[in-house]
Amino acid sequence: MTTGGDSAAFATVRRLLDEGAGPIYPGAVACVMDAGQVRLLHAVGRVPPGPTRPDTQYDLASLTKPIATLTLAADLLTSGALGLGDRLRDVLPCSVGDATVAEALGHATGLPAHRDLSSADGPDALRAAVLSEAPLAPPGTRTIYSDLGYMALGFYLEARFGAPLDALVAPALARLGLAGLHYRRDTGDPADRERYAPTDAGSGYGPDASPRPVGSSDERRGAVHDANAAALGGVAAHAGLFGDALSVARWADRLLAEHAARSPFGRTLDVLWTTGAGRDASTWRLGLDTPSPGGSTAGHPPPGALGHLGYTGTSVWMVPARRWTVVLLSNRVHGRPDAETATAMRRLRPGFHDAVWAALGNR
């Protein structure tokens, strides 16, 4: 199902998405926006009992980091309630207490990428395990993409501002006029479960961030795939958000519009998007990544591109100078081994994005 866009210009994009349905993911939705205008909204595959819809809700996985946590931080920074140099130790005893808000946003706390802590005896025990995790490097010295660093940042924000993370994030998104992006606390099967793309309960990260095979035929709909986020009740700073492709694209486009207008919020974004936190050479800025010189999932975008990936098969890339946004949401973690579909997604993404850039006029 396709809405919007120039049929001829996006023919290659649609073909690549169509070819991925089945071998790589059961279903997917792509959305391309150009300065606020939807150029393409294309759904492929199936979300039983019917075809994938443009408004199918996906587990956004690590897109939670920029959409929820970065947006909240930018809102608090703009209001003056939060500072990039504020240290976690100010309100939260933890193993990386010297780390700053900037270092947490930019993956420079020194905490490891991942630990499966979902067997902890409840959310409080899991929180304590994260906050006592031994760092691999002192804060600010190395950039290590880290779920645990973002979890610690989420705990810090909750402790400092006295509210659950989802209660803090919701008004930050609402102030930008955004709807359709939401956490789902662990309240059982949603009444509207058919709107949610399924994932497999037995797949995901194993210890030390190694992919583990599908170990259960249990299907999840509207319940977060990430085991640590699930153990926290479905709400975390690193994972837990759900949404549709158009809502994710509107989030990115709204940030790009604020940035272009040089509003107070937009000026905050400019600082975040041009600042790295570690002293090493890294592609990471505060909350978003930039293309790797040796090859990127974004293909060959125009200069200044920023983006993020999610483990379940999700991604967002945007180009501030041109106000372009490209969103791809899928549920590749349903029905096939993770390692197999992860490799296939890595192969698909650069060509998909290059086809989008060409359709938008990048030469």
| Restricted to the range 138-151, and to residues that are touching a Leu at 6+ places or on another chain (Cβ under 9 Å) and more than 25 Å from L255 (Cα to Cα), which residue is surrounded by the most Cβ atoms within 10 Å (Cβ to Cβ)? | L148
| message | Six or more apart or on different chains, Cβ atoms under 9 Å: show the pairs whose first residue is in the range 24-41 and within 16 Å of L255 (Cα to Cα) and whose second is hydroxyl-bearing (S, T, Y) and at pLDDT below 95. | response | V38/T3
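I want to confirm something. Restricting to the range 328-344 and keeping residues that are within 20 Å of H42 (Cβ to Cβ) and touching a Phe, Trp or Tyr at 6+ places or on another chain (Cβ under 8 Å), which single residue is modelled with the lowest pLDDT? Lay out the reasoning, then the answer.
Keep residues of the range 328-344 that are within 20 Å of H42 (Cβ to Cβ), which gives 328-332, 334, 341, 344.
With touching a Phe, Trp or Tyr at 6+ places or on another chain (Cβ under 8 Å) added as a condition, the list becomes 328-332, 334, 341.
Values: L328: 99, L329: 99, S330: 98, N331: 96, R332: 95, H334: 93, T341: 90.
For the range 328-344, the residue satisfying everything is T341.
Residue by residue through the range 257-282, note down the ones that are polar (S, T, N, Q) and either surrounded by 14 or more Cβ atoms within 10 Å (Cβ to Cβ) or part of a strand (DSSP E or B) (or both).
Listed by number, the residues that qualify are T268, T275, S282.
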| task | Take the range 1-22 and flag every residue that is assigned to a loop (DSSP other than H, G, I, E, B) and modelled with pLDDT under 95. | result | M1, G4, G5, D6, S7, A8, A9, G22
| field | Residue selected from the range 348-363 under the condition modelled with pLDDT under 95 and of a type outside the set (G, A, S), by the criterion nearest to L241 (Cα to Cα) | value | N362
| remark: L76 fails exactly one of (1) over 15 Å from F265 (Cβ atoms); (2) crowded, with 19+ Cβ neighbours inside 10 Å, namely (1)
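If you check A249 against the conditions, is it in a helix (DSSP H, G or I), within 14 Å of the chain's Cα centre (by Cα) and of a type outside the set (F, W, Y)?
Against the criterion (in a helix (DSSP H, G or I), within 14 Å of the chain's Cα centre (by Cα) and of a type outside the set (F, W, Y)), A249 qualifies.
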| note | Subset of the range 163-179, residues over 14 Å from G243 (Cβ atoms) and among the charged types (D, E, K, R), comes to R175
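Looking at this structure, is A236 modelled with pLDDT under 95 and under 30 Å from G140 (Cα atoms)? Spell out how you get there, then give the answer.
Working: modelled with pLDDT under 95: no; under 30 Å from G140 (Cα atoms): yes.
So A236 does not fit the description; no.
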| request: Answer yes or no as to whether D98 is in a helix (DSSP H, G or I), acidic (D, E), free of Cβ contacts under 8 Å to residues at least 60 places away in the same chain and over 21 Å from L60 (Cβ atoms). | output: no
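The values are calculated or read from the model by the stated rules, or taken from the named source; none is laboratory data. All figures in this text were calculated on a predicted structure; none of them were measured in a lab. Heads up, the Cβs are rebuilt from the backbone with ideal geometry, glycines too, and the neighbour counts pull from every protein chain shown.
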